[in-house]
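Undergrad: Please read through the structure below; I'll follow up with questions.
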Amino acid sequence: MMKLKSNQTRTYDGDGYKKRAACLCFRSESEEEVLLVSSSRHPDKWIVPGGGMEPEEEPNVAAAREVCEEAGVKGTLGRLVGIFENKERKHRTYVYVLIVTEVLEDWEDSVNIGRKREWFKIDDAIQVLRCHKPVQATYFEALQESFLTSNGTPLVTTIGGDLSPTYSINQSSVSGIR
């Protein structure tokens, strides 16, 4: 299913959830500093760069496109951290790791809407996200959780009305494991 927004086409999955993609953009492979961008609606708040998927677009392609548009960075796309379901807003967001290799001086959202970007230590990023985007703060919990327990298998995370994440292994990516 698709709906037209003034500047984009929104795509939805079979359950009626908006399909989104985002990246945790790390300065290096040590994954100690992450890039956040200012919110377009609340410029004094920080968010994880990401947005809606276009028709027929794969989640990994959408994630890389969105971070280039919103954060002005390019890099090496890594593992899928998980698929985050926000029941309240009816979004499903595929979240990937991206190791930044190129930082653009001027980028689409900096020129068009004055978006800013800033590097944060992981703990600081979690703190600023908890206030404004608590669902996005759970991306980092899942990052640590998936790194420790899933052997690289993507997690599906459901965020309910109380914003507490529930993790489950994505069974479609476990095929062949006995």
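The values are calculated or read from the model by the stated rules, or taken from the named source; none is laboratory data. On a predicted model such as this, the values are computed, not experimentally measured, just so you know. As a convention, Cβ positions derive from the backbone with ideal geometry for all residues, glycine included, and neighbour counts pool all protein chains shown. Quick note on the areas: whole protein, heavy atoms, side chains included, nothing else; ligands and nucleic acids left out. Shrake-Rupley method; radii C 1.70, N 1.55, O 1.52, S 1.80 Å.
Undergrad: Within region 7-18, track down each residue that is in a strand (DSSP E or B), touching a residue at least 12 places away in the same chain (Cβ under 8 Å) and under 17 Å from the mean Cα position of the chain (by Cα). Steps first, please.
TA: Looking only at region 7-18, we keep the residues that are in a strand (DSSP E or B), and these are 8-12, 18.
The next check asks that each one be touching a residue at least 12 places away in the same chain (Cβ under 8 Å); those that pass are 8-11, 18.
Of everything in region 7-18, those that are in a strand (DSSP E or B), touching a residue at least 12 places away in the same chain (Cβ under 8 Å) and under 17 Å from the mean Cα position of the chain (by Cα) turn out to be Arg10, Thr11, Lys18.
Undergrad: Right, something else. Considering region 56-77 alone, what residues qualify as being of a type in the set (D, E, K, R) and either modelled with pLDDT under 95 or farther than 18 Å from Ser110 by Cα (or both)?
TA: Within region 56-77, the subset of a type in the set (D, E, K, R) is 56-58, 65-66, 69-70, 74.
Those that are of a type in the set (D, E, K, R) and either modelled with pLDDT under 95 or farther than 18 Å from Ser110 by Cα (or both): Glu56, Glu57, Glu58.
Undergrad: Could I ask something else about it? It is to be established whether one or more residues within region 13-33 are open to solvent by 80 Å² or more (accessible area, probe 1.4 Å), of a type in the set (Lys, Arg) and at pLDDT 95 or above.
TA: yes
Undergrad: Can you tell me which residue within region 19-56, out of those that are among the acidic types (Asp, Glu) and either in contact (Cβ under 8 Å) with a residue 24 or more places away in the chain or in a strand (DSSP E or B) (or both), is farthest from Asp124 (Cα to Cα)?
TA: Glu54
Undergrad: Let me ask you something else. If only one of Glu70, Glu66 is charged (D, E, K, R) and either touching an Asp or Glu at 6+ places or on another chain (Cβ under 7 Å) or outside any helix (DSSP H, G or I) (or both), which one is it?
TA: Numbers: Glu66 fails: either touching an Asp or Glu at 6+ places or on another chain (Cβ under 7 Å) or outside any helix (DSSP H, G or I) (or both).
Residue meeting the stated conditions: Glu70.
Undergrad: Taking only region 81-127 into account, find how many residues are under 24 Å from Asp44 (Cα atoms) and either open to solvent by 50 Å² or more (accessible area, probe 1.4 Å) or more than 16 Å from the chain's Cα centre (by Cα) (or both).
TA: So the answer is 23.
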